[in-house]
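Below: the structure, in structure tokens.
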Amino acid sequence: MRTSSAGLTPANFQALAAYRLALRRFLHFSTEAARAAGMSQQQYQALLAIKAASGPVLLTIGELAELMHVRHHSAVGLMDRLVRRGWLRRVADKQDGRRVHVRLTSAGEKILAKLAAVHRDELRRLGPELVRSLQSLGVG
């Protein structure tokens, strides 16, 4: 990757730094909120991805691995932990028994709804800071 500061002003660097700081604040908040709910940040991310993709066709573990940018075996281990917690269940594919889909349980839906609500509230709080920094960069 070529790096160049050509065309970037001191204000651009300040806006980039402000944006990264706001993102890091949100990620720290997210990690702590997940921990307070008794799960890891990665477990919250998995539940959120599964819920976001839910529809007539369920996600496979491989698709979830892609969405989360993890290796398939890491996603399998994550799913195992979520199943043990009672937040997720595996569903065999009716056409191809080798494929496994994942679905939230009612307990998974409940804990995800609570966590998603506090994340939405935090984004509402941090949103103006994120928007200002992006606008300073000419984005949006």
>> Before I look further, what does the chain give for accessible area per residue, probe 1.4 Å, in whole square angstrom?
In response: 66 Å²
>> Rounding to the nearest 10 and keeping the result within 0 to 90°, find how far the Cα-based axis of helix 10-36 lies from the longest principal axis of the chain.
In response: 30 degrees
>> Using the Cα centre of the chain as origin and beta-carbon charges of +1 (Lys, Arg) and -1 (Asp, Glu), tell me which of VAL131, GLY77, HIS119 is placed farthest towards the positive end of the dipole.
In response: GLY77
> How large is Rg over Rh for segment 51-90, taking Rg from the Cα atoms and Rh as the Kirkwood inverse mean of 1/r across Cα pairs?
Replying inline: 0.96
> What do you get when you divide the Cα radius of gyration of segment 28-99 by 2.2 N^0.38 Å, with N the number of residues?
Replying inline: 1.13
>> If each DSSP helix of 4+ residues adds -39,500 (n - 2.57) and the sum is divided by the residues in the chain, what number results at 222 nm, nearest 500 deg cm²/dmol?
In response: -22500 deg cm²/dmol
>> Tell me the angle of helix 72-85 to the major Cα principal axis of the chain, expressed in degrees between 0 and 90 and rounded to the nearest ten.
In response: 70 degrees
> Between ALA92 and ALA117, what length in nm is gained on full extension when 0.36 nm per residue of separation is reduced by their alpha carbon distance?
Replying inline: 5.9 nm
> When the accessible area of the chain is computed with all protein chains present and a 1.4 Å probe, what percentage of it is carbon and sulfur?
Replying inline: 56 percent
> FRET efficiency for LYS110 and ALA11, Cβ-Cβ distance as r, R0 = 41 Å, nearest 0.05?
Replying inline: 0.35
>> Report the gain in length on full extension from GLN135 to VAL57: 0.36 nm times residue separation, minus Cα-Cα distance, nm rounded to one decimal.
In response: 24.3 nm
> Could you give the angle, 0 to 90 degrees to the nearest 10, between helix 41-53's Cα long axis and the longest principal axis of the Cα atoms of the chain?
Replying inline: 80 degrees
>> Along the Cα→Cβ direction, 7 angstrom out, place labels at THR31 and HIS73. What is the inter-label distance in nm?
In response: 2.6 nm
> Hey, got the dipole for the chain? About the Cα centre, +1 on K and R Cβ, -1 on D and E Cβ, debye to the nearest 20?
Replying inline: 260 debye
> Kirkwood Rh, the chain, all Cα pairs: how many Å?
Replying inline: 17.2 Å
> How long are the three semi-axes of the equivalent ellipsoid for segment 1-56, computed from the Cα gyration tensor as the root of 5 times each eigenvalue, in whole Å, largest first?
Replying inline: 34, 17, 9
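The values are calculated or read from the model by the stated rules, or taken from the named source; none is laboratory data. A quick note: this is a predicted structure, and the numbers were derived from the prediction, not measured. So basically every Cβ, Gly included, is an ideal-geometry build from the backbone, and we count neighbours across all protein chains shown. The area values use the complete protein model at the heavy-atom level, side chains included, leaving out ligands, DNA and RNA. Shrake-Rupley method; radii C 1.70, N 1.55, O 1.52, S 1.80 Å.
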